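Working notes, structure below.
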């Protein structure tokens, strides 16, 4: 799938995983993952629950160390990189469950994103321009927002950090289909602006129409990788088993 | 799919290339922990050795050599004790570091879960 160079990653890839293995204690979750995300592309990692998709994102963001294999970000091997160092340089993860602070207001949640250097004023301007609903609820506690609004807040905070590599974990979780469609239209727009995006999803239909590449992940391995049209036929096999 | 990368991607590549990676951090912690053990044992051995050597000091009338010898051995024994204490501190610090790190993470996780639960209850 990927032409590899032992010494460094490919220069045309924002993210590259080579034979990555990872475990939680003695439980091995990733069993040799190969994955590539070219610059400016939108790649989806699909598959049934428990396949290792979220764990893959944790390894990429530096929260979980790979037990074996290599992770290359922007062509550089990043073993040992602290997650906050990666985040400061543009690797942004929106975790499953959104990662917002429910006991802080919308305004205060956006304030928390100002650690990367942008002023709160700039962050709020960008956030409320993209998501006018958030502007109307800036004093409201984030925990009392609807699921869709919480996801918008999470995305607004992520975009405030000016990401170069955006990692999205189960964006559709708990949301109505129409909201999911709106959010993924936004994700597609962000990809067109040059951000490299890796999306993890259980619900394949939500993303197949917008992504450039699809990887199918089952039991800790990426078993198939290709265009959405090519992978659509493989999906039912992956989810239902053989 | 375009093969050109934009300005942000170019900036990203440069920033990642400049990043300093703390590789082998866990390894250095293990080494310091081992050093602590070595100093603990070595310090005790030094103190005991100085005591054993001091037993061979014999008084020579008309000279201060025995006093000087005794003073040296006392200094050596005190140094051994100090080295042992330093080693003990190093060992304790690095053996507890990993435990406390996970304990703190667990505290943060449980607090977050409690807040999520409270938020869900207030909505419902």
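Each value in this text was obtained by applying a stated rule to the coordinates, not by laboratory testing. Small disclaimer: the values here were computed from a predicted structure and weren't measured. Cβ coordinates were reconstructed from backbone atoms using ideal geometry, including for glycine residues, and neighbour counts include every protein chain displayed.
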| field | Between the stretch A:6-75 and the stretch B:70-122, the alpha-carbon center distance in angstrom | value | 32
| Pairwise FRET efficiency - residue A:176 versus residue A:229, Cβ, R0 = 22 Å, nearest 0.05 | 0.25
| query | Label-point separation (nm) for residue A:125 and residue B:78, each offset 7 Å from Cα along Cα-to-Cβ? | reply | 6.7
| remark: So, relative contact order of chain A in percent, Cα under 8 Å, 6 or more apart, is 27
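Using 1/(1 + (r/R0)^6) with R0 = 45 angstrom and r between the beta carbons of residue B:69 and residue B:95, what's the FRET efficiency to the nearest 0.05?
On the way: r = 38 Å, r/R0 = 0.85.
After rounding, the FRET efficiency stands at 0.70.
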| message | Using Cβ counts within 10 Å as a stand-in for footprinting exposure, how do B:12, B:102, B:89, A:131 rank, fewest first? | response | B:102, B:89, A:131, B:12
| task | May I ask you to sort B:101, A:76, A:157 by Cβ crowding, counting other Cβ atoms within 10 Å and putting the fewest first? | result | B:101, A:76, A:157
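I need the shape label for chain A. Rule: rounded when a/c is under 1.5, else prolate if a/b > b/c, else oblate, with a, b, c from the alpha carbon gyration tensor. Please report the intermediate quantities before stating the final value.
Details: a/c = 1.78, a/b = 1.41, b/c = 1.26.
Verdict is prolate for chain A.
Rounded to the nearest angstrom and ordered from largest down, what semi-axes does the equivalent ellipsoid of the stretch A:113-156 get from its C-alpha gyration tensor (root of 5λ)? All intermediate terms of the calculation are to be shown ahead of the outcome.
Details: eigenvalues 65, 23, 17 Å².
So the three semi-axes of the stretch A:113-156 are 18, 11, 9 Å.
Counting only C-alpha contacts under 8 Å and six or more residues apart, can you give the relative contact order of the stretch A:77-212 as a whole percent? Don't jump to the answer; show the numbers that get you there.
Details: 179 pairs, mean separation 40.1, N = 136.
Here the relative contact order equals 29 percent.
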| the stretch A:132-206 shape via C-alpha gyration tensor axes, a/c threshold 1.5 | oblate
| query | Rounded to the nearest 0.05, what FRET efficiency do residue A:21 and residue B:52 have when you use their Cβ-Cβ distance and R0 = 51 Å? | reply | 0.45
| note | Going fewest to most other Cβ atoms within 10 Å around each Cβ, A:213, B:103, A:111 line up as B:103, A:111, A:213
| Nitroxide proxy distance, nm - points 7 Å out along Cα→Cβ at residue A:205 and residue A:103 | 4.0
| At what distance in angstrom do the alpha carbon centres of the stretch A:182-235 and the stretch B:34-52 lie from each other? | 61
